[in-house]
Amino acid sequence: METFVIQNTNVILTDSIAENMDVVIKGGVIDGIFDNGKRSSMGNEVVFDAVGNYLAPGFIDLHFHGILNFLVDGGSEHLENICRELPRFGVTGFLPTVGPLPEGRDADFLNSLSALESKAAQILGFFLEGPFLAMTGALPPEALGKASAKRIRYLVEAASPYAAVFGVSPELDGILDHIPLMAEGDTPVFVTHTAASVEQTLAGIRAGISHATHFYDVFPCGKETDPGVRPAGAVEAVLSEPGVSVDFILDGEHVHPVAVKMALEGKGPDRVCLITDSNLGTGLPPGVYKGVGDSEVEFAYPGAPARMTSNTRSPGCLAGSGLTMDRAVRNAVKMLDIGLPLAVRMASLNPAQVLDIDGKKGKIQPGFDADLVLLDKNLEVVQTWVNGKNVYREVK
Ligand SMILES: [Zn+2]
């Protein structure tokens, strides 16, 4: 079994940074972490000098639509390109997000995607943003389906061998009865696109909802029913339940950083994640990009959100972000005034926990998969490995 050593690196651990270390990888798994030079060489090993750069666990994006003109909704060739390109941004695993389609076509399409086996960034399941939502946001009207066990079963089958992670609005008529079916096999169920009441949201959580995605976005404020009394709704219900995790699009426009800080204070450091919810022009120069259907979005500056153009149904409306996971981590350090270990944890261990794979992904620790990203002092990606295999190298 080949031994690979990343030497002279500052290892980002869950709560701290271990400086000047050597990380030994065997068979795609982290075998040991040693003080630089304090280990006896096994002879037959490949050594890479990290010249003091940071080594972080690979980033896991729970909500991702597209990048570099490729869109998950564009089909399996697009998805294949996405898997190959994502390590450039430090991503080693993700949930490709599938937009809603009419019943029947959705399962066929998902089936065509789930035939793919990635050679680079790993597919960790598919996030289905629709058809069980009560509000469209920037999604097409097919997002607003009817709760149906038959349709859920078809979609689960179509996603196999990957998990189908459903996004639901708890106020959708009849959905509460179906959440246990979505949650079978410890599959997480996400709440999103919702104006549910406190009671509806808590009932959804009791039924199996475990995570809230693009929290605060398409979670509108309730109406004041008693003058002067601040209404409570899905946001307050999710914040009140310590077991429910949340994720944010931290680009400075989708959510105020203070709302992310509030979630970190309330939920603690292990229940808040960073996502991109990125749209197809992400990673390209600012400008106008055309997607599937009538979608046309504009990015005003690098890392800016995608906004619908004047040729669309809702001009100016937010339609996902221009974030990449490495930029989200840099934003977290800057906008939340937190240390690098916590920012990295929000992009690696915490999403791994949402997917219940935190026993093997999200940490640099012996026994964990060698899904790793090397970051320079400015937190730009230098190299990325998936299961110990190099899948991205910066070209200077
Ligand atoms: Zn989305």
Spacing of the two label points (7 Å from each Cα toward its C-beta) at SER240 and GLU199, in nm: 1.2 nm
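If the convex hull of the alpha-carbon atoms of the stretch 47-130 is projected onto planes in all directions, what is the mean projected area in square nanometres?
Across all orientations, the stretch 47-130 yields a mean hull projection of 6.3 nm².
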For the chain, with a Gaussian network of springs between Cα atoms less than 10 Å apart, report the residue from ILE205, ILE249, ILE357 with the top mean-square fluctuation. ILE357
I'd like the Kirkwood hydrodynamic radius of the stretch 184-328, using the inverse of the mean 1/r over distinct C-alpha pairs, in Å. 16.5 Å
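Hey, could you get me the Stokes-Einstein D for the stretch 44-84, Kirkwood radius over alpha-carbon pairs, 20 °C and 1.002 mPa s, rounded to whole µm² s⁻¹?
Working: Rh = 13.2 Å.
Rounded, D is 163 µm²/s.
Report for the chain the percent antiparallel among DSSP-assigned beta bridges with both residues inside it, nearest 5. Kindly include the intermediate steps, with their values, before the conclusion.
On the way: 37 of 68 bridges.
About 55 percent, rounded to the nearest 5.
Can you give the net charge of the other residues whose Cβ lies under 15 Å from the Cβ of ASP22, counting K and R as +1 and D and E as -1? Write down the numbers at each step before the final one.
Details: positive: LYS26, LYS38, ARG39; negative: GLU19, ASP31, ASP35, GLU45, ASP49.
So the environment of ASP22 carries a net charge of -2.
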Those residues of the stretch 166-189 whose amide nitrogen sits under 14 Å from the label point placed on ASP356, 7 Å along Cα→Cβ: 166, 180-189
If each part is reduced to its alpha-carbon centroid, the stretch 345-382 and the stretch 25-100 end up apart, in Å, by 9 Å
From the P(r) of the stretch 187-235, could you give the percentage of C-alpha pairs in the tail past 17 Å? 35 percent
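Structure shown: which of LYS150/LYS267; LYS119/LYS267; LYS38/LYS363; LYS150/LYS223; LYS150/LYS361; LYS261/LYS363 lie over 29 Å apart, alpha-carbon to alpha-carbon? It would help to have the intermediate numbers written out before the result.
Details: LYS150/LYS267 35 Å; LYS119/LYS267 35 Å; LYS38/LYS363 22 Å; LYS150/LYS223 35 Å; LYS150/LYS361 33 Å; LYS261/LYS363 23 Å.
From LYS150/LYS267; LYS119/LYS267; LYS38/LYS363; LYS150/LYS223; LYS150/LYS361; LYS261/LYS363, over 29 Å: LYS150/LYS267; LYS119/LYS267; LYS150/LYS223; LYS150/LYS361.
Taking each pair of different alpha-carbon atoms in the chain once, compute 1/r for the pair, average those values, and report the inverse of that mean as the Kirkwood hydrodynamic radius in Å to one decimal. It would help to have the intermediate numbers written out before the result.
Numbers: mean 1/r = 0.0469 Å⁻¹.
Answer for the chain: a Kirkwood hydrodynamic radius of 21.3 Å.
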Volume of the Cα convex hull of the stretch 80-206, divided per residue and given in Å³: 113 Å³
Assuming 0.36 nm per residue, please report the length gained on full extension of the stretch ASP186 to VAL333 beyond their Cα-Cα distance. 49.7 nm
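So which trypsin sites (Lys or Arg not before Pro) in the stretch 1-57 are both in a DSSP loop and have at most 11 other Cβ atoms within 10 Å of their Cβ?
Working: sites: LYS26, LYS38, ARG39; in loops: LYS38, ARG39.
For trypsin sites (Lys or Arg not before Pro) across the stretch 1-57 that sit outside H, G, I, E and B with at most 11 neighbouring Cβ atoms in 10 Å, the list reads LYS38.
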Taking placed amide H atoms and a strict 5 Å upper bound, the residues 5 or more places from THR3 or on another chain that come that close are VAL46
Which of PRO227, PRO131, PRO366 moves the most in a Gaussian network model of the chain with Cα springs under 10 Å? PRO227
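Where a number appears in this text, it was derived from the coordinates with a stated rule and is not lab data. Since this is a predicted model, take the numbers as computed values, not measurements. Please note: Cβ atoms are built from the backbone with ideal geometry, for glycine as well, and neighbour counts cover all protein chains shown.
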